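A short worksheet on the structure shown next.
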Amino acid sequence: MSNTELQQRRTSAVPRGIATAYPKFVARAEGSELWDIDGKRYIDFAGGIAVLNTGHRHPKVIEAVKRQLDAYTHTSFQILPYEPYVEVCERLVALAPFKDAKAILFSTGAEAVENAIKIARAATGRAGIIAFTGGFHGRTTLTMALTGKVAPYKTQFGIGLPNVFHLPFPVPQHGTTVADSLKALDFVFRADIGPENVAAIIIEPVQGEGGFHPAPQELLERLRTICDEHGIVLVADEIQTGFARTGKMFGIEHSGIEPDLLTVAKSLAGGFPLSGVIGRASIMDAAEPGGLGGTYAGNPVACAAALAVLDVIAEERLVDRANAIGQQMRTRIEKIAKRNDTVPITAIRGPGAMIAFDIVATVGSDAPDAAATRRVTQAALEGGLILLSCGVHSNTIRLLNPLTISDQLLDEGLDLLEEALKSALEEGA
């Protein structure tokens with residue numbers, strides 16, 4: 001069956017509300033490559049939206065999953081516990097960027113964020129939550145309220161939950177500073193909710209869907225001080241930044257700031273659904289027994305995959321690898337930015353291998369060009385490269401290739417990216 005035929009079946013059976021970037025149905029994948037059902041090969045610079053830091057079907061992950069499949073696949077940890085769940089929690093606790101930690105497992109990133117908020121509320125006895133514009137925390141009712149972007153995440157879904165407040169996230173090219181963020185926080189404290197009623201402040205160390213903008217050191221330091229002064233829980237959402245992507249195990253480690261809670265998902269289990277919350281034991285133990293959990297939370301097959309992923313990250317030194325390939329990508333993109341035969345690009349940024357850049361209307365401007373960005377991603381697809389855009393203005397290209405990618409494949413992918421940037425200029429002329 002062809003891609004076209006399957007797309008017709010999809011249209012008939014699947015609602016419009018779930019979007020798909022490209023109408024290409026996958027037949028198989030290995031490492032940093034995919035093949036669609038028509039036999040076309042692609043280099044993967046999307047990584048299943050930052051899920052595949054260890055690549056598609058890493059042999060050690062597949063071997064661990066097969067062993068677990070032969071033992072048992074589900075009991076529900078809340079009925080009959082099992083060692084892989086405990087071992088994953090032990091490994092996460094050992095990796096935590098703070099002492100005296102505990103961890104709990106779930107299935108999705110949104111679940112992790114929801115439960116981090118529940119834990120913070122239980123620990124503080126407060127209801128208020130402060131988040132940031134451009135932040136993405138999920139699509140459930142609560143996480144949608146936390147997410148700092150209306151379209152498409154909140155469109156048609158009514159007014160958000162109460163007790164959620166947003167601050168502007170500082171982005172230099174958007175004209176927003178740390179001072180603006182802190183001034184807005186002061187306004188919120190004086191006009192909307194006193195700090196004594198705020199349970200948590202949640203922030204991504206590097207915004208994901210918002211455009212790969214790193215949280216400034218000054219902002220993180222001030223948030224830590226403010227949270228300490230008022231007994232507010234500081235939550236680092238590491239769902240996209242975690243597990244070596246930024247050149248540290250967790251993105252927050254670049255700042256030296258210690259959060260109170262940390263949410264993880266995506267690359268934790270190499271493509272299997274697993275997420276978690278890591279936090280200070282005194283906060284994590286606030287919820288009563290039965291208040292946290294989920295039927296599928298911490299599935300044993302996903303736990304087996306996660307243990308293998310954590311081994312691969314350590315054994316293959318993927319933290320170091322992220323820094324190396326990130327520098328390779330940045331160097332290449334900086335060279336492209338100096339050319340005059342591609343669409344104009346600017347603001348090359350991101351720690352480790354969490355690299356992004358903006359596509360703008362004219363050289364030297366900050367005016368976003370979403371149309372040109374769409375041309376780039378489409379041209380990349382036609383050339384054999386899976387590429388994602390993001391950002392509040394939909395003009396950011398983000399690179400999320402597996403950290404296990406070979407130098408040869410990375411160079412080939414960057415060649416395809418360069419060709420796509422040139423094609424986009426020609427098509428827009």
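Structural remarks
- Note on the range 201-313: enclosed strands (runs of 3 or more DSSP E) holding 2 or more residues that are over 22 Å from L399 (Cβ atoms) and over 16 Å from the mean Cα position of the chain (by Cα) are 233-237, 275-280.
- For the range 320-346, a residue qualifies if it is more than 14 Å from L425 (Cα to Cα) and crowded, with 20+ Cβ neighbours inside 10 Å, and the qualifying residues are R321, A322, I325, G326, M329, I333.
- Residue match in the range 119-134 (condition: touching a His at 6+ places or on another chain (Cβ under 8 Å), closer than 18 Å to G242 by Cα and not in a loop (DSSP other than H, G, I, E, B)): no
- Annotation note: Cβ proximity below 7 Å between a residue of the range 124-141 that is not assigned by TED's automatic domain parsing to the domain that holds P152 and a residue that is among the hydroxyl-bearing types (S, T, Y) and modelled with pLDDT of 95 or more (sequence gap 6+ or interchain) occurs for no pair.
- Identity of the residue in the range 370-429, at pLDDT 95 or above and among the β-branched types (V, I, T), that ends up surrounded by the most Cβ atoms within 10 Å (Cβ to Cβ): V376
- Number of residues in the range 357-388 that are in contact with a strand residue (DSSP E or B) (Cβ under 6 Å, 6 or more places away or on another chain), closer than 22 Å to E33 by Cβ and not in a loop (DSSP other than H, G, I, E, B): the value is 4.
- Against the criterion of being modelled with pLDDT under 95 and surrounded by fewer than 21 Cβ atoms within 10 Å (Cβ to Cβ), G364 qualifies.
- Residue that is assigned by TED's automatic domain parsing to the domain that holds D285 and more than 22 Å from the chain's Cα centre (by Cα), where the choices are K99, K24, K118, K40: K99
- Flag for A71 being buried (at least 16 other Cβ atoms within 10 Å of the Cβ) and of a type outside the set (D, E, K, R): no
- Hits in the range 112-156 (condition: under 19 Å from F187 (Cα atoms) and surrounded by fewer than 18 Cβ atoms within 10 Å (Cβ to Cβ)): A127
- Exclusive hit being farther than 25 Å from K266 by Cα and not basic (K, R), set A356, A372, A380: A372
- Among residues of the range 12-56 being among the aliphatic types (A, V, I, L, M), part of a strand (DSSP E or B) and touching a residue at least 12 places away in the same chain (Cβ under 8 Å), the one that is surrounded by the fewest Cβ atoms within 10 Å (Cβ to Cβ) is A27.
- Checking I193, I159, I201 one by one, the residue that is at negative phi, surrounded by 24 or more Cβ atoms within 10 Å (Cβ to Cβ) and of a type outside the set (G, A, S) is I201 and no other.
- Residues that are hydrophobic (A, V, I, L, M, F, W, C), under 20 Å from the mean Cα position of the chain (by Cα) and closer than 26 Å to N3 by Cα, drawn from the range 386-427: I386, L387, L388, C390, I397, L399, L400
- Residues in the range 389-424 that are touching a residue at least 40 places away in the same chain (Cβ under 8 Å) and either in the same structural domain as M249 (by TED's automatic domain parsing) or in a strand (DSSP E or B) (or both): C390, T396, I397, R398, L399.
The values are calculated or read from the model by the stated rules, or taken from the named source; none is laboratory data. A quick note: this is a predicted structure, and the numbers were derived from the prediction, not measured. Please note: Cβ atoms are built from the backbone with ideal geometry, for glycine as well, and neighbour counts cover all protein chains shown.
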